[in-house]
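Notes follow once the structure below has been shown.
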Amino acid sequence: MKILIIDDEKAQVELLSGFLKKQGFSVITTTSPVEAIDIVKKNHVNLVVSDYRMPEFTGEELLEKIKQINPEIGFILITAFGSIETAVNIMKLGAVDFIEKPVDLKLLLEKVREYEESFLTKETVKEITEKINIDIPFKNPKILKIYQTIYKVAPKDINVFITGESGTGKEVIAKTIHKLSERAKKPFIPVNCAAIPENLFESELFGHEKGAFTGAISDRKGKFELANRGTLFLDEIGEMPLHLQSKLLRAIQERKIEKVGSEKTISIDVRIISATNRDIKEMIKSGEFREDLYYRLNVISLQLPPLRERREDIPIFIDYFLKEFSKSTISITPEAKDLLIKYHYPGNIRELENIIQRAVALCNGKTIEVNDLPEEVRLAQLLEEDESTTVNLNKEIERLEKKLILEALEQHNYNKTQAAKYLGINERVIRYKIEKYNLKRG
């Protein structure tokens, strides 16, 4: 990553550049904001660290000019204490952050490292998005790592095991793996193991012959046969009955199946992608899931984070679902969007999708407002505010308690017995409070 440092004080430039060079960064310097513009035009600069007050023009003017040349360049402003309000305004114009003078080098390094991480993630996201052709963009680093793994393993004919809460997009990931594999032109067959009655499970997976059981009025292909030469997606694999897990294991090992009611074996060639929202390792310990089957399915493991752990992606999903359900004819107010970003989403992406679909259907006019959101979203914000108020109240009570005890101690020359009597509490309590608040003489 290349950093441009601008400050009209040469000593400050030398201090900052020398420090960042020692940390391994490539640094360009100048004492002139006019020259800085020319440097940005001629060099591939990733981050600008600039003073605010300079003779030729301010950091604010420099930011605007640099963003016109390349809006992707990051900008960290160095400001005197008296111009914090100006710094905040500059951040609204697109600055990454600001640092007060005198510059804390440790803090500067921390902010540069933070930007470097986001910059590298952004560059890699763009690259991986183009390679995979993802419908919905993203910013979360965990999702980036998942897609990087997908890109590597999808062409290789190995089984993948996906874990994550309900609604995190496990089937979307499975379809992406199939799309990027050599089996892409063959069937992708999903099976929801939680939705199949136990007595029909074997028939669903392996098929049956006519007359194999009551109601089997004709031959029927199972999911394995339908997915032949393609991909079989076993969703909620943790719900599969234990006695059928051995038959699944045998089918995977031998690449052969038998229909219910038939002794004839059928050769099959399928890639298996499994998914669950349950703790399979705990199920193995309790005897609910076969360990040997787990290791057959779990050649590559992908753990999807819940939506509450990837909040930077929530605005992207909101815009995507708005476009999908309203063809971009309906917008959302900043207040409503802010509530949705803060909400905890027990149902994850699927819940957000349903919320947007409902809001589009119920809103009056062309804008989704706070009142168009479900009660649980609005209530969650009120509960959060109440919790915040409670925390602040407790802090205020502690502050007043500390002040009163300290005044009583000083008034009675730090005699704990007399101070406790003055406050109307016993000596044991005041000793505890003195220890808690570290209220020792001096």
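Phi angles of the range 200-206 translate, via the Karplus equation with coefficients 6.51, -1.76, 1.60 and θ = phi - 60°, into HN-Hα couplings of 10, 4, 4, 5, 4, 7, 10 Hz per residue; Gly and Pro are given as x. In this structure, the amide hydrogen of residue 216, modeled 1.01 Å from its nitrogen in the peptide plane, lies closer than 5 angstrom to those of 211, counting only residues at least 5 positions away or on a different chain. How big is the range 174-328 by the Kirkwood estimate over distinct Cα pairs, in Å? Its Kirkwood hydrodynamic radius stands at 17.5 Å.
For the chain, the mean residue ellipticity at 222 nm estimated from helices alone is -16000 deg cm²/dmol, where every DSSP H run of n ≥ 4 contributes -39500 (n - 2.57) and the total is divided by all residues, rounded to the nearest 500. For the range 360-368, backbone phi angles converted through the Karplus equation (6.51, -1.76, 1.60; θ = phi - 60°) give residue-by-residue couplings of 4, 6, 9, 5, 8, x, 10, 9, 7 Hz, Gly and Pro being listed as x.
Counted over the chain, the DSSP beta bridges are approximately 10% antiparallel. Here the range 308-373 is treated as a Stokes sphere of Kirkwood radius computed over C-alpha pairs; at 10 °C and 1.306 mPa s its diffusion coefficient rounds to 136 µm²/s.
Could you pull out the pairs from 67/111; 185/256; 67/142 whose alpha carbons sit more than 25 Å apart here? From the list (67/111; 185/256; 67/142), the Cα-Cα distance tops 25 Å for 67/142. Packing order of peptides 402-410, 213-221, highest average first: 402-410, 213-221 (average count of other Cβ atoms within 10 Å over each peptide's residues). Amide hydrogen proximity for residue 78: with H placed 1.01 Å from N in the peptide plane, the residues at 5 or more positions away or on another chain lying under 5 Å are 50, 51, 52, 99.
Derived scalar couplings between HN and Hα for the range 56-71 equal 6, 6, 7, x, 5, 5, 5, 4, 4, 5, 5, 5, 5, 6, 8, x Hz in order, rounded to whole Hz, by the Karplus curve 6.51 cos²θ - 1.76 cosθ + 1.60 (θ = phi - 60°), x for Gly and Pro.
If only the Cβ of Lys and Arg carry +1 and only the Cβ of Asp and Glu carry -1, the dipole of the range 2-119 around its Cα centre is close to 320 debye. A value for P(r) over Cα pairs in 20 Å bins from 0, in percent was derived from the coordinates, and within the list (1) 25, 58, 17, 0; (2) 23, 53, 22, 2; (3) 18, 34, 32, 14, 2 it appears as (3). About its Cα centre, the dipole of the chain is roughly 1240 debye, where the only charges are +1 on Lys and Arg Cβ and -1 on Asp and Glu Cβ.
Hydrodynamic radius of the range 127-194 by the Kirkwood approach over all distinct alpha-carbon pairs: 12.9 Å.
Amide H contacts for residue 332 (H built 1.01 Å from N in the peptide plane; partners 5 or more residues away or on another chain; cut-off under 5 Å): 368. Here the Kirkwood formula, the inverse mean of 1/r across different C-alpha pairs, assigns the range 91-215 a hydrodynamic radius of 19.0 Å.
Over 25 Å apart at the Cα level, from the set 2/152; 170/323; 156/264, are 2/152; 156/264. Placing pseudo-labels 7 Å out from each Cα toward the beta carbon at residue 136 and residue 357 gives an inter-label distance of 1.2 nm. Straight-line cross-link reach from residue 416 at under 16 Å between alpha-carbon atoms covers these aspartates and glutamates, not counting any fewer than eight positions away in the same chain: 401, 407, 427, 435.
Length available on full extension from residue 344 to residue 221: 0.36 nm per residue minus the Cα-Cα distance, which gives 40.0 nm.
The angle between the Cα long axis of helix 33-42 and the main principal axis of the chain comes to about 20°, on a 0 to 90 degree scale.
Read-outs: derived from the displayed coordinates by stated rules, not from any lab. Everything numeric in this text was worked out from a predicted model, so none of it was measured. No Cβ is skipped: glycine too gets one built from the backbone with ideal geometry, and neighbour counts run over all protein chains shown.
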